[in-house]
Amino acid sequence: MISHLTTLPDTTRAPIAPVWRESLAMAVLVGLLNGAALAFTRGPGELSALWLGNGVLAGWLLARPYLGWLRALLAPMLVDLAARLALMGLPLLAAALTLADLLEIVLVVQLVRRYAPDVGNPERWTQLGAVATVATLVACLLSALLAAAANAASGGTEFVVGYVTWFAAHVLGMVVFATATLVVLYDRRAMAMPKLRTGPFLGMTLIVAAVTLVVFSIEYPVLYLAYPPLLWLALRFGFAGVAAGVLVLGLVGGLATTLGQGPLTLDDGLGRAGRIALLQLYIAGACVLTIPAVLVMAERRRLVQRLRESEQRYRLLADYSHDLIVRMRPDGTRVYVSPAARDVLGWEPEQMLGPCQDQLHPDDREAQLQTLERALASGQAQIGRYRLRHRNGQYVWIEGVVRPIPAFDGHEAELICTGRDISQRVATEQALAASLRELEQQAREDPLTGLANRRQFEERLGLALSRLRRYGRPLALFFLDLDDFKPVNDTHGHAAGDHVLVEFAARLQAQVRETDLVARLGGDEFAILVEDAEIPAGVLSLAGKLLALARTPVALGGSAVRVGASIGIACAEMPVSAADLQAAADAALYEAKDTGGGTWRMRRLTDPRAARMAPPAAAGAGDAAAAGAPVRADLPPGAG
């Protein structure tokens with residue numbers, strides 16, 4: 001989580017005064033956080049959906065450079081108890097829940113300090129993450145037992161409901177806010193926390209808050225709209241952004257749910273516990289979305305920093321090393337070679353005198369001669385790169401600065417070349433170029449199936465529509481959605497679900513031409529883009545084949561599953577916009593799914609203005625194709 005940190009300093013001589021000052025400050029912060037969480041509960045026996053105070057305290061204690069942290073817990077715990085007494089009104093229950101909080105914090109801090117004491121060593125991040133995860137789960141499991149039992153005994157929520165609610169709320173708070181607090185307090189310059197600028201940070205946090213207020217103020221299930229600005233905040237400001245965003249989601253969501261507002265209250269049968277569980281899942285989704293992204297960006301910044309430092313060290317060494325100095329004639333014949341040739345190329349200077357073509361890489365000979373000619377013609381220094389053969393047979397990259405020197409005593413002009421070994425720099429540049437190519441490929445492909453992702457799909461769709469406008473080539477867009485995919489995940493696990501997606505993607509790819517595009521848009525949603533489509537015969541033939549392959553069972557170990565698919569097709573034979581074409585395919589897909597799935601529906605866009613309103617192909621007497629039934633036309637795969 002943190003870079004630039006070393007072993008914790010001596011903790012036995014820390015002054016007491018700063019401990020109490022920080023302890024009182026943390027007590028105020030914990031009182032505000034816990035008080036807000038308790039205020040969202042409707043009764044003394046109900047529990048909060050997100051508990052932040054324990055995570056803040058645990059992160060603070062782990063960042064403290066002294067051993068007297070047990071004393072520092074006194075003030076925050078007293079404030080926690082006071083907040084529970086004031087807002088719950090049950091002394092015994094308040095004391096039991098405060099004790100559960102204390103148990104949780106102590107367990108997390110003790111386990112992490114015992115098994116991963118060097119939290120600032122990047123080489124121990126894997127161990128730290130594993131220890132922190134186990135410590136959080138164990139501590140929250142035990143504290144949930146105590147809290148749920150006390151809550152049930154006092155007449156509050158049932159034991160199981162209270163146990164699950166407490167456990168989820170405290171795990172979320174510990175994962176997000178312990179990490180964020182540790183990063184903020186331990187090293188503000190940490191790679192996981194970019195430089196925090198108050199104005200932009202507050203502005204982006206307010207944007208997240210505004211979007212969250214909107215999605216919790218309406219009854220439509222659009223809670224996911226708060227995720228993009230949250231991810232933006234997290235990527236911009238690291239764990240500080242994650243903490244602020246999750247806090248906003250928790251506060252706004254908890255308040256709206258308590259007041260009976262928002263999509264989580266649409267189903268009256270869920271009850272208070274069910275709505276809290278949904279809110280916790282919503283917040284957990286935010287954590288799953290942002291925390292891995294922040295860790296990846298932090299690792300990327302760390303690697304870039306290491307690369308930059310490595311390059312700086314190399315430049316320093318190169319500047320203080322002995323450069324290879326060669327005096328040569330215009331035809332490249334060496335008349336003087338400095339002793340640095342021993343270190344750079346392994347040759348004795350005398351062995352390098354004379355013509356240089358035999359030691360120069362064949363691919364670089366013409367370029368080196370051109371560099372010499374330019375230097376002579378311009379009278380200015382010229383820089384070139386070329387490879388010279390080392391005595392061991394390998395080639396060394398040399399960056400040479402060639403300068404012409406005036407002729408004297410009637411001799412022809414000569415040149416001085418100062419060269420240094422840049423093999424490491426070239427290797428780094430080649431590695432960076434390879435990494436950029438790999439990143440570009442990853443940005444355009446789905447990592448699970450290897451198909452095109454949404455970005456590549458949209459690019460290809462734009463090009464196809466341009467060709468449609470220019471050359472009039474018909475275009476067909478297929479949207480496919482697996483019908484019974486969720487039960488596969490629920491029954492066989494996500495690994496099995498991934499296997500089904502990979503198998504289905506391979507089948508789709510095998511059914512189309514090389515010029516067609518198969519893309520995974522997300523989840524179990526796929527798209528096929530067919531240019532020069534034969535409408536409708538070829539399109540319907542392909543639709544039938546796709547339905548048939550979707551119904552083919554997929555082997556899972558010793559069993560097989562059937563998923564099936566629904567297909568929405570949009571065909572365009574005249575210029576149309578990407579939005580209209582996708583809207584038509586999407587509408588046709590929903591029509592196919594509304595009929596029960598396992599079929600297709602097609603829309604032909606003949607008038608762009610009516611693209612969104614055009615009805616899907618409807619079943620008619622004897623018209624099996626219009627009904628979405630498998631088509632028997634014997635056309636080659638991907639015909640169109």
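Looking at the stretch 532-608 only, what percent of DSSP beta bridges run antiparallel? Nearest 5 please.
Working: 3 of 9 bridges.
Roughly 35 percent of the beta bridges in the stretch 532-608 run antiparallel, per DSSP.
Provide the packing ranking of 166-174, 339-347, 463-471, i.e. peptides ordered by the mean count of other C-beta atoms within 10 Å per residue, highest first. Please list the in-between numbers first.
On the way: 166-174: 25.1, 339-347: 17.3, 463-471: 14.7.
Most protected by this proxy first, the peptides run 166-174, 339-347, 463-471.
Students sometimes get this wrong: rank Ser217, Ser559, Ser23 by accessible area, probe 1.4 Å, all chains present, largest first. All intermediate terms of the calculation are to be shown ahead of the outcome.
Numbers: Ser217 80, Ser559 55, Ser23 0 Å².
Largest to smallest exposure gives the sequence Ser217, Ser559, Ser23.
Put Val304, Val530 in order of accessible area, largest first, 1.4 Å probe: what do you get?
Val304, Val530
What list of ³J(HN,Hα) couplings, whole Hz, do you get for the stretch 295-310 from phi and the Karplus terms 6.51, -1.76, 1.60, once you set θ to phi - 60° and write x for glycine and proline?
Once rounded to whole Hz, the list reads 5, 5, 5, 5, 5, 5, 5, 5, 5, 5, 5, 4, 5, 5, 5, 5.
Provide the solvent-accessible area of Lys545, counting protein heavy atoms only and rolling a 1.4 Å probe, rounded to the nearest 10 Å².
Solvent-accessible area, nearest 10 Å²: 50 Å².
Place a +1 charge on the Cβ of each Lys and Arg in the stretch 459-537 and a -1 charge on the Cβ of each Asp and Glu, then give the dipole magnitude about the Cα centre in debye, rounded to the nearest 20.
On the way: 9 positive and 14 negative charges, 109 e Å.
With only Lys, Arg, Asp and Glu charged at Cβ, the dipole is about 520 debye.
Whenever you get a sec, compute what percent of the accessible area on the stretch 453-513 sits on carbon and sulfur atoms (1.4 Å probe). Please list the in-between numbers first.
Values: 1470 of 3030 Å².
Roughly 48 percent, rounded to a whole number.
Determine the order of Ser378, Ser423 by accessible area, beginning with the largest, at a probe radius of 1.4 Å. Numbers along the way, then the final one.
Details: Ser378 60, Ser423 35 Å².
Sorted by accessible area, descending: Ser378, Ser423.
Which Cα, out of Pro487, Phe457, Pro474, lies furthest along the positive dipole direction of the stretch 449-518 (beta carbon charges, K/R +1, D/E -1)?
Towards the positive end, the residue furthest out is Pro474.
The values are calculated or read from the model by the stated rules, or taken from the named source; none is laboratory data. Only a predicted model underlies this, so the values are computations on that prediction, with no experimental measurement involved. Glycine also receives a Cβ, built like all others from the backbone with ideal geometry; neighbour counts cover every protein chain displayed. The protein model used for the area step is the full one, side chains on, heavy atoms only, and it has no ligands, DNA or RNA in it. Shrake-Rupley method; radii C 1.70, N 1.55, O 1.52, S 1.80 Å.
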